[in-house]
1. Please compute, for peptide A:233-244, the average count of beta-carbon atoms on other protein chains lying within 10 Å of each residue's beta-carbon.
2. Which distances in nm, rounded to one decimal and ordered from shortest, link the label point of A:F122 to the equivalent label points in the other identical copies, with labels set 7 Å from Cα toward Cβ?
3. Given A:I274, A:M226, A:Q261, which one lies farthest toward the positive end of the charge dipole of segment A:173-278, if we put +1 on the Cβ of every Lys and Arg and -1 on the Cβ of every Asp and Glu?
4. Mind checking the full-extension length gain between B:D24 and B:K270? Use 0.36 nm per residue of separation minus the Cα-Cα distance, one decimal, nm.
5. Excluding residues fewer than 8 places away in the same chain, name every one of the lysines whose C-alpha is closer than 20 Å to that of A:K279.
6. Put the label 7 Å from Cα along Cα→Cβ for B:G162; what are its distances to the other copies, in nanometres, shortest first?
7. Students often forget the sequence filter, so: which lysines lie under 19 Å Cα-Cα from B:K85 once same-chain residues fewer than 8 apart are removed?
8. Would you grab the residues whose amide H sits under 5 Å from the one on A:L62? Only those 5+ places off in sequence or on another chain, please, with H modelled 1.01 Å from N.
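None of the figures in this text is laboratory data; all of them are computed from the coordinates on show. Everything quoted here is computed from the prediction, not taken from an experiment. Here the Cβ positions follow ideal geometry from the backbone for every residue, glycine too, while neighbour counts run over all protein chains shown.
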Protein chains: 2
Amino acid sequence: MKVGILGLGLIGASISLKLKEVNDDISVYGFDKNDQSVDFSLSKQIIDKKLDLGALLDFDYLFLAIPVESIKSELSSILDKISEKTLVIDFGSTKYQICNSVSNHIKRGNFLAAHPIAGTEFSGPAAAKKDLFDNKVMILCETENTNPSLLSSAIKMFKSLGMNIKTMDAIDHDRHIAYVSHLSHISSFMLGKTVMDKEDDEQTIYDMAGSGFESTVRLAKSSPEMWSSIFIENKKNIIESLDEYILNINNFKKLIESSNQENLNTEMKKINGIKEILKGIN
Amino acid sequence: MKVGILGLGLIGASISLKLKEVNDDISVYGFDKNDQSVDFSLSKQIIDKKLDLGALLDFDYLFLAIPVESIKSELSSILDKISEKTLVIDFGSTKYQICNSVSNHIKRGNFLAAHPIAGTEFSGPAAAKKDLFDNKVMILCETENTNPSLLSSAIKMFKSLGMNIKTMDAIDHDRHIAYVSHLSHISSFMLGKTVMDKEDDEQTIYDMAGSGFESTVRLAKSSPEMWSSIFIENKKNIIESLDEYILNINNFKKLIESSNQENLNTEMKKINGIKEILKGIN
C-alpha cells in the first residue's frame with residue numbers, strides 16, 4: 001500500500017503510525033509546510049519518505065490532514081494530479097463547503113469526505129499517538145458520490161484501524177458538529193480569556209483552580225490556526241449555536257439574579273441528564 | 001480526637017476517610033439530612049457513629065460540609081451549642097456572607113472559614129476518596145478572627161492531610177472564585193443545555209462527541225442543590241463574571257462573522273497562554 005499524507009499534525013501523524021502498525025507492506029509519504037514537522041516525522045519513522053507535491057500519481061490513499069480552508073483551496077487541484085486508483089480523503093472538521101468545492105469535478109468519485117471524531121488539545125507530530133483512533137467514530141459524508149469500490153476499500157481500511165463508521169449528510173454533519181464540538185471549543189477559549197483578563201496574578205489561578213476549571217478550559221490549549229479556519233468555514237452554524245448558548249446563559253443569569261433556587265435546581269437537574277448520554281462515549 | 005461532620009457528601013465523607021487514615025485515636029460522628037447517606041457511611045466505616053445535633057459538646061472539630069445557604073443559616077446556632085475547645089470549620093465555596101453571619105458572635109473565635117479546592121463532578125458518600133485532598137489547596141479566610149491556638153491546631157491538622165494552606169480576604173476569595181470556579185460550572189451547564197436542547201437524538205451526541213465535548217461538559221454532572229446555593233450566595237460576583245464572559249463571546253462572534261482570521265488567531269494565541277498557567281496545577 002502506498003499512502004500520502006498532507007499535513008503532519010496530530011491527526012496526520014497519528015494515522016500514519018496506526019497504518020504502519022496494521023500493514024506490513026506499506027510506504028507512507030508525508031508532507032507538511034513546516035519543514036521541522038517533516039524532519040521530525042522522518043526521524044521518528046512516523047513517515048518513510050517526504051511527499052513530493054508534484055508527484056501524486058500511484059498512491060492508494062492521499063489523506064488531507066490540513067486546515068479546512070487549505071483543503072477547500074487545494075482539493076480540486078490535487079484531484080487533477082492523481083491517478084484513477086487513488087482515493088483522496090480529507091479529515092476536515094467541516095464537510096459541506098469542501099464537498100461543494102469539487103461537486104462537479106470529473107474525478108469526484110476519487111474523493112471521500114471524512115471526519116474522525118478523535119483528537120486531543122495538543123498539536124504537531126510530537127503529539128501523535130497510534131491509538132488515537134481506537135474505537136473512535138469516523139463520519140463519512142456524501143458517500144454516494146464516491147466510487148463504490150474505492151469507498152468499500154476505504155471503509156475496510158478504517159475498520160482495520162479500529163474505527164467505527166457512520167455516514168451522514170454533509171449539511172447535517174456541519175450543523176450537528178457546530179453544537180457538539182465547535183461550541184465546546186469557543187466556550188472553553190472564552191472561559192480561559194475571561195479568567196486570564198480578570199486575574200493578573202497567575203498565582204491566584206494556580207491556587208484557586210481545581211480540576212473543574214482545568215477540564216473546562218482544556219480545549220483553550222488548542223491550535224489557533226486549525227480552529228480559526230473551522231470557525232470561519234462553519235460560520236453560519238456556529239453563530240446559531242453561539243446565539244443559543246448566549247440566550248441560555250442570559251436566562252440562567254436571570255434565575256440567579258432573582259435568587260430563583262427552585263428553577264435553577266429544575267434546570268440543572270435536566271442538564272444532569274448529560275451523564276447518561278456521556279456514558280455512551282469512550 | 002473527636003470529630004463531628006455535618007454533611008456526608010463527597011467532601012464530608014472524603015475528609016473523614018483521610019482523618020481516620022492519618023489518626024490512630026479518632027472517633028468521627030457524622031450527620032446528614034439524608035438517612036441513607038448516614039447508613040451508607042456507617043456501613044462503610046466512613047464514620048464511626050451518627051452525630052446527634054443536640055449534643056455538640058466536647059468535639060475537637062466540627063466540620064460543616066453542607067450547602068452554603070445551610071451553613072449561613074445554621075452556623076450561629078451551632079456556635080451557641082459548642083464548648084470552648086471546639087473549632088467549627090465550614091467548607092463552603094463562598095466565604096464573605098458566611099463570615100458576616102457570625103462576625104459579632106461571642107464565639108467567633110471558635111470558627112474558621114475554609115474552602116478546600118478539591119472535588120469531582122460526583123456527589124454523595126459513595127463518591128468519597130481518601131486521596132481527594134492530597135496536595136490540594138485549603139484556602140482560609142479571616143484567620144485573624146479565629147482563636148490563634150485553635151487556628152494553629154487546624155493548620156497542623158490540614159497539613160497532616162496533605163494539604164497546602166493559603167490565606168485570603170473573604171471578599172477577595174468570593175470575587176476570584178466566581179471567575180476561576182463558579183463561571184466554569186455555569187459555562188459547562190449551559191454547554192450541556194445548548195447541545196441537549198438542539199440534539200433530540202442522543203445517538204448523534206454519542207457519535208459526534210469526542211473527548212473535547214466530554215471534558216468541557218463534565219461539570220454539568222454536578223449537584224444542582226449544591227451549586228444553586230453557591231450561585232445565589234455569590235450572585236454579585238458571578239453576574240459580573242457572566243457579563244464579561246458574554247461580552248467576550250459576543251466579540252469573538254463578531255470576529256467569526258467578519259471572517260477575521262488574523263484577529264481570531266491573535267486572540268486564541270493569547271488564550272493558549274493558559275497552558276503555562278495550568279502546568280502549575282496538579
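1. On the way: counts 1, 1, 5, 2, 0, 3, 4, 1, 4, 7, 4, 6.
Mean inter-chain Cβ contacts per residue within 10 Å come to 3.
2. Computed spacing set for this position: 2.7 nm.
3. Result: A:I274.
4. Details: separation 246, 0.36 × 246 = 88.56 nm, distance 5.03 nm.
Separation in residues times 0.36 nm, less the Cα-Cα distance, equals 83.5 nm.
5. Counting by Cα, and skipping residues close in sequence, A:K279 has these lysines nearby: A:K136, A:K166, A:K269, A:K270, B:K193, B:K198, B:K221.
6. Label-point separations across copies, in nm and ascending: 3.0.
7. Those lysines meeting the cut-off are B:K2, B:K107, B:K156.
8. The answer is A:G4, A:L87, A:V88, A:I89.
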